[in-house]
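Accompanying notes for the structure given below.
The values are calculated or read from the model by the stated rules, or taken from the named source; none is laboratory data. Here the structure is a predicted model, which means the values were calculated and not measured. Glycine gets a Cβ as well: all are built from the backbone with ideal geometry, and neighbour counts include every protein chain shown. Note: accessible area is taken over every heavy atom of the protein model, side chains too, but ligands, DNA and RNA are not part of it. Shrake-Rupley method; radii C 1.70, N 1.55, O 1.52, S 1.80 Å.
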Amino acid sequence: MCLSTVYKMTEKEPILFCKNIQNVSVNPGDGKLTFTDIMGIPYESTGKIRSIDLVDNKIMIEEN
(Lines give C-alpha, C1' and ligand atoms only; values in the text may rest on other atoms or scores of the structure.)
Protein backbone atom coordinates (compact mmCIF):
# COMPACT_ATOMS: atom_id res chain seq x y z
CA MET A 1 0.00 0.00 0.00
CA CYS A 2 1.29 3.48 -0.84
CA LEU A 3 0.74 6.14 1.79
CA SER A 4 1.85 9.74 1.48
CA THR A 5 2.94 12.58 3.73
CA VAL A 6 1.53 16.07 3.15
CA TYR A 7 3.66 19.18 3.68
CA LYS A 8 2.61 22.84 3.68
CA MET A 9 4.99 25.02 1.70
CA THR A 10 6.40 28.07 3.50
CA GLU A 11 9.06 30.62 2.60
CA LYS A 12 11.63 28.92 4.84
CA GLU A 13 10.94 25.19 4.64
CA PRO A 14 8.04 22.76 4.24
CA ILE A 15 6.03 22.01 7.40
CA LEU A 16 4.55 18.59 8.07
CA PHE A 17 0.74 18.73 7.80
CA CYS A 18 -0.35 15.07 7.99
CA LYS A 19 1.01 11.55 7.50
CA ASN A 20 -0.13 8.13 6.25
CA ILE A 21 -2.54 9.65 3.71
CA GLN A 22 -4.45 7.15 1.61
CA ASN A 23 -6.94 9.43 -0.17
CA VAL A 24 -6.98 13.01 -1.52
CA SER A 25 -10.13 14.92 -2.48
CA VAL A 26 -10.18 18.33 -4.15
CA ASN A 27 -13.20 20.63 -4.32
CA PRO A 28 -12.32 23.10 -7.09
CA GLY A 29 -15.28 25.33 -6.22
CA ASP A 30 -13.89 26.52 -2.89
CA GLY A 31 -10.31 25.25 -3.07
CA LYS A 32 -10.85 22.83 -0.17
CA LEU A 33 -8.41 19.93 0.02
CA THR A 34 -9.28 16.88 2.12
CA PHE A 35 -6.62 14.33 2.99
CA THR A 36 -7.79 11.10 4.65
CA ASP A 37 -5.32 8.98 6.59
CA ILE A 38 -5.16 5.21 6.94
CA MET A 39 -7.38 5.37 10.05
CA GLY A 40 -10.09 7.32 8.17
CA ILE A 41 -9.32 10.65 9.87
CA PRO A 42 -9.79 13.63 7.51
CA TYR A 43 -7.44 16.62 7.45
CA GLU A 44 -8.70 19.74 5.65
CA SER A 45 -6.93 22.72 4.17
CA THR A 46 -7.78 25.45 1.68
CA GLY A 47 -5.29 26.00 -1.10
CA LYS A 48 -3.58 24.29 -4.01
CA ILE A 49 -1.58 21.14 -4.56
CA ARG A 50 1.84 22.24 -5.82
CA SER A 51 3.41 18.83 -6.40
CA ILE A 52 2.94 15.12 -5.85
CA ASP A 53 6.00 12.87 -5.74
CA LEU A 54 4.82 9.26 -6.05
CA VAL A 55 8.32 7.82 -5.59
CA ASP A 56 9.02 9.64 -2.30
CA ASN A 57 5.32 9.67 -1.28
CA LYS A 58 5.23 13.43 -0.71
CA ILE A 59 2.43 15.88 -1.44
CA MET A 60 3.28 19.58 -1.30
CA ILE A 61 0.44 22.07 -0.77
CA GLU A 62 0.23 25.85 -0.66
CA GLU A 63 -2.44 27.40 1.53
CA ASN A 64 -4.45 30.47 0.51
Expected unfolding gain across GLU62-ILE15 under the 0.36 nm per residue rule, minus the alpha-carbon gap, is 15.9 nm
Among residues other than ASP30 whose Cβ falls under 14 Å from its Cβ, what is the net charge (Lys/Arg +1, Asp/Glu -1)?
0
Environment charge at ILE49 (Cβ cut-off 14 Å; Lys +1, Arg +1, Asp -1, Glu -1):
+1
Please compute the net charge surrounding SER4, taking Lys and Arg as +1 and Asp and Glu as -1 over other residues with Cβ under 12 Å from its Cβ.
-1
accessible surface per residue for the chain, probe 1.4 Å, DNA/RNA/ligands not counted, whole Å² -> 72 Å²
Using the basic label-point model (7 angstrom from Cα toward the beta carbon), what is the THR34 to ILE52 distance in nanometres?
1.6 nm
Mean separation of Cα contacts under 8 Å (at least 6 apart) over the residue count of the chain, i.e. the relative contact order in percent, is 32 percent
Determine the share of segment 9-57's accessible area contributed by carbon and sulfur atoms, expressed in whole percent, with a 1.4 angstrom probe.
51 percent
